[in-house]
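Take a look at the structure below.
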Amino acid sequence: MIKTITYRPHETCSVLMELEIDEDTDTIEDFHVQGGCNGNLEGIRRLIRGRNAKEVEDALAGTKCGFKNTSCPDQLSKAIAEYYKEKENA
C-alpha cells in the first residue's frame with residue numbers, strides 16, 4: 001500500500017513536500033515539492049525514487065544550505081523520520 005506523507009518544511013525555500021512510500025517495502029515511490037530550487041529538487045527526486053526510505057533518510061540528514069542549519073534534503077530526511085515514527089506507533 002502506498003502512503004502519502006505531506007510535510008511542511010521549516011527554514012527552506014520549499015513550502016510543501018509530498019512523499020509517496022510503499023509501506024510494505026519502505027521504498028520511495030515518488031517525491032514532489034512546491035517552492036525551492038526546481039532543478040536541484042528534481043535531481044533529488046530522480047535519485048531517491050526506488051530507494052529504501054531509511055537509507056535516504058540517513059544519507060540526507062544534516063545537509064545544510066549555505067549558512068542555514070537545514071536544507072531541503074535535510075527537511076526530506078525529517079519527513080521520512082516522521083513516516084517511521086507514525087509507522088512505529090500504528
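The values are calculated or read from the model by the stated rules, or taken from the named source; none is laboratory data. These numbers come from a predicted model, not from an experiment. Neighbour counts run over all protein chains shown; Cβ positions are idealised from the backbone, glycine included.
Listed values, structure above:
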quantity: Filter result for the condition that a residue is touching a Gly at 6+ places or on another chain (Cβ under 7 Å) and either in a strand (DSSP E or B) or surrounded by fewer than 19 Cβ atoms within 10 Å (Cβ to Cβ) (or both), over VAL33, VAL15; calculated: VAL15
quantity: Among residues of the range 36-60, those that are surrounded by 12 or more Cβ atoms within 10 Å (Cβ to Cβ) and either at pLDDT below 95 or assigned to a helix (DSSP H, G or I) (or both), counted; calculated: 17
quantity: Some residue of the range 63-70 being at pLDDT 95 or above and under 10 Å from the mean Cα position of the chain (by Cα); calculated: no
quantity: Checking LEU16 against (1) on the phi < 0 side of the Ramachandran plot; (2) modelled with pLDDT under 95, the condition it does not meet; calculated: (2)
quantity: Condition met for GLN34 (polar (S, T, N, Q) and within 9 Å of the chain's Cα centre (by Cα)); calculated: no
quantity: Single condition HIS32 does not satisfy, out of (1) touching an Asp or Glu at 6+ places or on another chain (Cβ under 6 Å); (2) in contact (Cβ under 8 Å) with a residue 40 or more places away in the chain; (3) of a type outside the set (S, T, N, Q); calculated: (2)
quantity: Some residue of the range 61-73 being in a helix (DSSP H, G or I), in contact with a helix residue (DSSP H, G or I) (Cβ under 8 Å, 6 or more places away or on another chain), surrounded by 12 or more Cβ atoms within 10 Å (Cβ to Cβ) and aliphatic (A, V, I, L, M); calculated: no
quantity: Members of the range 49-90 that are hydrophobic (A, V, I, L, M, F, W, C) and in contact (Cβ under 8 Å) with a residue 24 or more places away in the chain; calculated: ALA53, VAL56, CYS65, CYS72, LEU76, ALA79, ILE80, ALA81
